[in-house]
Amino acid sequence: MSEARGEPGSRPEAGIRFFCTAGRGLEPFLMREVRARLAATQVEYISGKVFFTTCSDLNMLKELKSAERLFLLIKKQFPLIISSVSKGKIFNEMQRLINEDPGSWLNAISIWKNLLELDAKKEKLSQRDDNQLKRKVGENEIIAKKLKIEQMQKIEENRDCQLEKQIKEETLEQRGFTTKSENFQEEEFQNDIEKAIDTHNQNDLTFREVGKVIGIAIMKHFGWKADLRNPKLEVFIHLNDIYSVVGIPVFRVSLASRAYIKTAGLRSTIAWAMASLADIKAGAFVLDPMCGLGTILLEAAKEWPDVYYVGADVSDSQLLGTWDNLKAAGLEDKIELLKVSVIELPLPSESVDIIISDIPFGKKFKLGKDIKSILQEMERVLHVGGTIVLLLSEDHHRRLTDCKESSTPFNSKDSHTDEPGIKKCLNPEEKTGAFKTVSTSFEASNHKFLDRMSPFGSLVPVECYKVSLGKTDAFICQYKKSHSSGL
């Protein structure tokens, strides 16, 4: 893994180095998103994390939809070299993460403070503008506004001068940080870590011990005080056999926590990734025929508002939950809900532009061979050239692949997956930090070939991504309708 340039010490105009954590399999989506949304450069990834450089402010960074958490990068390097199994020597190696390059820590802290101060200043200005718009227009009020603005500008100028002075004087007097460990008092922290180092036993390390080792090293080196009850700063350190990453969380709340979703269904990052793969355009007719709690439609409507959305489900409780979510998000007028079966959609043939759906799976849902009739009905209502994006269980994916291969020898040697019959599948575990694209032909001359691809003769597989849903894995699959199905 090569070390990327543009670390936190870089000038702001040259961009700041960040990284985001992401669900396994969503790294390609996040890489595309930071390039498109943030004009990011030096984009690379390792499993579960995407690194990038950007000049975007915090308001833009808050808009990332496929990320879990956002961090300011302090350092990214090769894994720690442990020459002995004794805890004492292992602890010494961990302490070198802090002691070897203190400048990167101080630079990162300075950038972190500047980002938060600038964001707070913009928020105050925005609130001030909103308050001014609510006031009645009048000569006396206009004069009062001018005076108030002048006073606030003077206060801001004085505050900026004091802030610069404070940063210079208190660089080595930062207060409050936390590592991911348990609550502890400073003296207990010191005693416990010294006892751990003195034992030099060969038992496996625990997260508590690692947290204490690194925590005491930071306290000793910078003079900071640990306070887990009311911390001002959190330090994130990830160590494994492939890399060591150190960073500062920019926001306390995960980016994946959507304020506009009242009742969570499908993970919001997965739902957004599916919608992003559908290539939604203004004026399109987008259908989720098994909408559940409507998470996919919510994510799509928030990102692409000028679209006609319809959600369908057979469950009253699910539709009620969807309606509650729509009201909480202020999208009641954007999404229409129908109580219908996915295999009996009350829609004309070839009337829908895009279908996006999470096909239910697990012990509660035994679709089995019904997956064929579900796809055939989706195929019927989708117009030629339309897109279908599905979240499939491994079993559903295997059934479709096996069925397709039983009727035609379709197998791509360029595929990035062990699953046969998929024209493109990205594997984020590849160490190259890049991904390939294999194009698929939709020319009419292939109709005879495509017709043999039961059970969805006119639906051509385009892309497939294996993603993690926590305890299980699934596949986000994209299909295009190449010709009229004649159903």
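The values are calculated or read from the model by the stated rules, or taken from the named source; none is laboratory data. Quick caveat: nothing in here was measured; it's all calculated off a predicted structure. Don't worry about glycine lacking a Cβ; one is built from the backbone with ideal geometry, like all the others, and counts go over all protein chains shown. For accessibility, only protein heavy atoms count, side chains too; no ligands or nucleic acids. Shrake-Rupley method; radii C 1.70, N 1.55, O 1.52, S 1.80 Å.
May I ask you to verify whether Phe51 is among the aromatic types (Phe, Trp, Tyr), more than 25 Å from Ala275 (Cα to Cα) and touching a residue at least 40 places away in the same chain (Cβ under 8 Å)? Against the criterion (among the aromatic types (Phe, Trp, Tyr), more than 25 Å from Ala275 (Cα to Cα) and touching a residue at least 40 places away in the same chain (Cβ under 8 Å)), Phe51 does not qualify. Give the range 332-351 a look and list any residue that's closer than 20 Å to Glu299 by Cβ and surrounded by fewer than 19 Cβ atoms within 10 Å (Cβ to Cβ), or say none. Hits for the range 332-351 are Glu332, Asp333, Lys334, Glu336, Leu338. Only one of the listed residues (Ala40, Ala36) is open to solvent by 40 Å² or more (accessible area, probe 1.4 Å), among the small types (Gly, Ala, Ser) and without any contact (Cβ under 8 Å) to a residue 60 or more places away in the chain. That residue is Ala36.
For the range 1-33, the candidate set comprises residues that are among the charged types (D, E, K, R) and either at pLDDT 95 or above or within 21 Å of the chain's Cα centre (by Cα) (or both); within that set, the residue that is most open to solvent (accessible area, probe 1.4 Å) is Arg24. Considering the range 71-89, the residues that are among the β-branched types (Val, Ile, Thr), in contact (Cβ under 8 Å) with a residue 12 or more places away in the chain and surrounded by fewer than 17 Cβ atoms within 10 Å (Cβ to Cβ) include one that is farthest from Arg258 (Cα to Cα), namely Val85. Is at least one residue of the range 51-70 open to solvent by 10 Å² or more (accessible area, probe 1.4 Å), out of contact with any helix residue (DSSP H, G or I) (no Cβ under 8 Å at 6 or more places or on another chain), under 30 Å from Lys466 (Cβ atoms) and in a strand (DSSP E or B)? Checked the range 51-70: no residue is open to solvent by 10 Å² or more (accessible area, probe 1.4 Å), out of contact with any helix residue (DSSP H, G or I) (no Cβ under 8 Å at 6 or more places or on another chain), under 30 Å from Lys466 (Cβ atoms) and in a strand (DSSP E or B).
Do we find a residue being over 26 Å from the mean Cα position of the chain (by Cα) and modelled with pLDDT of 95 or more anywhere in the range 361-374? No, the conditions are met nowhere in the range 361-374. When Asp324, Asp353 are checked against the criterion of being in contact (Cβ under 8 Å) with a residue 24 or more places away in the chain, more than 11 Å from Cys291 (Cβ to Cβ) and touching a Phe, Trp or Tyr at 6+ places or on another chain (Cβ under 6 Å), Asp353 stands alone in meeting it.
Here is a yes/no grid of residues against (1) under 28 Å from Lys471 (Cα atoms); (2) under 24 Å from the mean Cα position of the chain (by Cα); (3) polar (S, T, N, Q):
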position: Gly330; (1), (2), (3): no, yes, no
position: Asp333; (1), (2), (3): no, no, no
position: Val342; (1), (2), (3): yes, no, no
position: Ile356; (1), (2), (3): yes, yes, no
